[in-house]
Amino acid sequence: MPDPLILVTNDDGIYSKGIFALQQAVAQLGKTVVVAPETEKSAVGHAITLSDPIRIKELERENGFSGYAVAGTPADCVKLAIKVILDRKPDLVVSGINRGANIGMGLLYSGTVSAATEAIILGVPGLAISLDAWVSPDYSYAAEVANRFVRVALDKGIDEGIALNINVPKMSNGKAKGVRFTRQGTSNYEERFDRRVDPRRRVYYWMDGELVSNEDDSHVDDVALREGYVSVTPLHYNLTSESSLEVMKEWEELVNIET
């Protein structure tokens, strides 16, 4: 049996400290191949490149870290890795370690999470791993968490069509209180746009905001994270509201274009 093949990617870019820490953490669990954006692609969601060529170049960093830098999005990276670069389908796709949490409604924007969901679209289990820290992030503990989850995912498997969104809290003692399996919450950023003027007196805007949450359920992603637990949310790509399908049956006669 060949060693497990682990595809490592992210949205912070191939030169980020987070992806280096992730690759180093899982390297002993199988053969790792890094395919990641050449530059930061945070908050690009599940975008793919259609109207421009996608260029790839090989690179090497220290401690045996080597990979492919892609002039595209996280989803592009996963597609190219599986369909072009790798000689066989990977056993697992791991995306991260992201700088900043990916929780609540923010999942819709996250390139980190989209890399993991692109994996399941292509029939490969996916993990997205994020650290709830923006300033001077220390990835060492999050890397340990990544190692544990990758080890178990390779051993036990993940349900078909499911990606795991893992968020690690930043704790003063460096360790989480434990792990909670959670639902995606409704937290979102309350956005504001700072109006500015450049030296040529052209107006531009800079977006800023702060996270707002009204949740108090301990098994919601942002609440678990806030309380010091690693939050693990199973995700799938089917956005259908099954309950609404039943309710909307009464619309059928009202909108029937044949009558």
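Below is a table of values for the structure above.
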quantity	calculated
Which listed residue, of ILE129, ILE158, is at pLDDT 95 or above, under 12 Å from ASN10 (Cα atoms) and not in a helix (DSSP H, G or I)	ILE129
In the range 1-27, the residues that are exposed (fewer than 15 other Cβ atoms within 10 Å of the Cβ) and at pLDDT 95 or above	LYS17
Qualifying residues in the range 221-259 (those that are in a loop (DSSP other than H, G, I, E, B) and of a type in the set (D, E, K, R)) - the one surrounded by the most Cβ atoms within 10 Å (Cβ to Cβ)	GLU227
The range 80-104: number of residues that are over 11 Å from the mean Cα position of the chain (by Cα), in a loop (DSSP other than H, G, I, E, B) and crowded, with 18+ Cβ neighbours inside 10 Å	2
Selection status of LEU108, surrounded by fewer than 18 Cβ atoms within 10 Å (Cβ to Cβ) and either within 16 Å of VAL35 (Cα to Cα) or acidic (Asp, Glu) (or both)	no
So ILE121, is it in contact with a helix residue (DSSP H, G or I) (Cβ under 8 Å, 6 or more places away or on another chain) and either free of Cβ contacts under 8 Å to residues at least 40 places away in the same chain or surrounded by fewer than 22 Cβ atoms within 10 Å (Cβ to Cβ) (or both)	no
Failed condition for PHE193, given (1) free of Cβ contacts under 8 Å to residues at least 24 places away in the same chain; (2) on the phi > 0 side of the Ramachandran plot; (3) in contact with a strand residue (DSSP E or B) (Cβ under 7 Å, 6 or more places away or on another chain)	(2)
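The values are calculated or read from the model by the stated rules, or taken from the named source; none is laboratory data. What you see is a predicted model, and the numbers here were worked out from it, not measured in a lab. For neighbour counting, all protein chains shown are included, and Cβ atoms are generated from backbone atoms with ideal geometry for every residue, glycine included.
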